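K.L.:
Sharing a structure here in structure tokens format.
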Amino acid sequence: MRTKRAVSMVMFLPFCLAVVHLLSSSTLALERPLKTESAQAAEIKGIFTLILYGGSYADDLETVAILDTEGDQYTFDVFAPDFDYSVRKGKPAKEALKEAEKFVSFHPAFWQTQLSKILDNGGSVIGFEIRPLYLPITYGRSDLLDIYYWSKEGGKIKVTIKLIPSVDKFKLPGGAGVGGGGH
């Protein structure tokens, strides 16, 4: 019995040391996404790369537009297949905003847009986000997206976009008009 316990302890100790090492190493440091704050259209000035994510089918709720400020040290990198989004460079502010608002407002349950500025770790504006808000009566709330911006090496900003879990679990695969069933 003592031998079995000793062997268990010998096997458990390296595991504990490995966990402590991983948690204290910088490779698994607790990363925090960049902050966003409410913005006004008048704040959008300059030239932008317009990233249009989603809008692939009539009931695509995962739709958002990102205005990436051109000429700064940052580039936005959407964590999704290339066919899920399009990129349009060299857009003046007014044109980029107009195109973004039109893009996110196609859904039948669309209510209004929400404009946010995306801030780097120092609090400087590096871009803008235009997301759709939906009629609250349709989905139980108006904001259906979890969008995060992660600062990476070399000025890359990783963007993750997904539906909130309470809506995602009821979404039909393939969008509207594609067979029955859920997940």
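K.L.:
Hey, can you tell me all the residues within segment 119-174 that are acidic (Asp, Glu) and closer than 14 Å to Gly54 by Cβ? Spell out the reasoning first.
P.N.:
Let us first name the residues in segment 119-174 that are acidic (Asp, Glu), namely 120, 129, 143, 146, 153, 168.
If the condition is that a residue be acidic (Asp, Glu) and closer than 14 Å to Gly54 by Cβ, then Glu129, Asp146, Asp168 are the ones that fit.
K.L.:
Just to be sure I understand the filter: pairs with C-beta atoms under 6 Å, separated by 6 or more residues or on different chains, first member in segment 152-177 and of a type in the set (Gly, Ala, Ser), second member outside any strand (DSSP E or B) and at pLDDT 95 or above. Which pairs pass?
P.N.:
Correct list of pairs: Gly155/Gln73; Gly155/Tyr74.
K.L.:
Considering every residue within segment 42-60, establish whether at least one is in contact with a Lys or Arg (Cβ under 9 Å, 6 or more places away or on another chain), under 25 Å from Pro108 (Cα atoms) and of a type outside the set (A, V, I, L, M). Please lay out each step first, then the result.
P.N.:
At the first step, the residues of segment 42-60 found to be in contact with a Lys or Arg (Cβ under 9 Å, 6 or more places away or on another chain) are 43-44, 47-52, 59.
From what is left, the residues that are under 25 Å from Pro108 (Cα atoms) are 50-52, 59.
Those still in the list that are of a type outside the set (A, V, I, L, M) too: 59.
Within segment 42-60 (the criterion being in contact with a Lys or Arg (Cβ under 9 Å, 6 or more places away or on another chain), under 25 Å from Pro108 (Cα atoms) and of a type outside the set (A, V, I, L, M)), the answer is yes, since at least one residue qualifies.
K.L.:
Here's another thing I want to ask about it. Residues in segment 157-175 that are surrounded by 14 or more Cβ atoms within 10 Å (Cβ to Cβ) and in contact with a strand residue (DSSP E or B) (Cβ under 6 Å, 6 or more places away or on another chain): how many?
P.N.:
Applying the first criterion (surrounded by 14 or more Cβ atoms within 10 Å (Cβ to Cβ)) to segment 157-175 yields 157-159, 161-164, 167-168, 171-172.
With in contact with a strand residue (DSSP E or B) (Cβ under 6 Å, 6 or more places away or on another chain) added as a condition, the list becomes 157-159, 161-162, 164.
Qualifying residue count, segment 157-175: 6.
K.L.:
Can you find, within segment 123-140, the residue that is surrounded by the fewest Cβ atoms within 10 Å (Cβ to Cβ) among those that are more than 20 Å from the chain's Cα centre (by Cα) and in a loop (DSSP other than H, G, I, E, B)? If you could, list the steps in order and put the result at the bottom.
P.N.:
Restricting attention to segment 123-140, the residues satisfying the condition of being more than 20 Å from the chain's Cα centre (by Cα) are 135-138, 140.
Pick out the ones that are also in a loop (DSSP other than H, G, I, E, B) and you get 135, 140.
Details: Leu135: 13, Gly140: 11.
For segment 123-140, the residue satisfying everything is Gly140.
K.L.:
Does Asp77 qualify as being closer than 15 Å to Gly155 by Cβ and part of a loop (DSSP other than H, G, I, E, B)?
P.N.:
The answer is no for Asp77.
K.L.:
Take the conditions among the hydrophobic types (A, V, I, L, M, F, W, C), over 21 Å from Arg141 (Cα atoms) and surrounded by 13 or more Cβ atoms within 10 Å (Cβ to Cβ) and apply them to Val104. Does it pass?
P.N.:
no
K.L.:
Something else now. Would you confirm, using the coordinates I've provided, whether Leu97 is of a type in the set (A, V, I, L, M, F, W, C), over 17 Å from Ile157 (Cα atoms) and in contact with a His (Cβ under 8 Å, 6 or more places away or on another chain)?
P.N.:
Values: of a type in the set (A, V, I, L, M, F, W, C): yes; over 17 Å from Ile157 (Cα atoms): yes; in contact with a His (Cβ under 8 Å, 6 or more places away or on another chain): no.
Criteria not met by Leu97.
K.L.:
Hey, can you tell me all the residues within segment 33-68 that are buried (at least 21 other Cβ atoms within 10 Å of the Cβ), touching a Gly at 6+ places or on another chain (Cβ under 8 Å) and either at pLDDT below 95 or more than 26 Å from Tyr139 (Cβ to Cβ) (or both)?
P.N.:
Matches in segment 33-68: Phe48, Asp68.
The values are calculated or read from the model by the stated rules, or taken from the named source; none is laboratory data. Since the model is a prediction, treat every value here as computed from it, not as a measurement. Neighbour counts run over all protein chains shown; Cβ positions are idealised from the backbone, glycine included.
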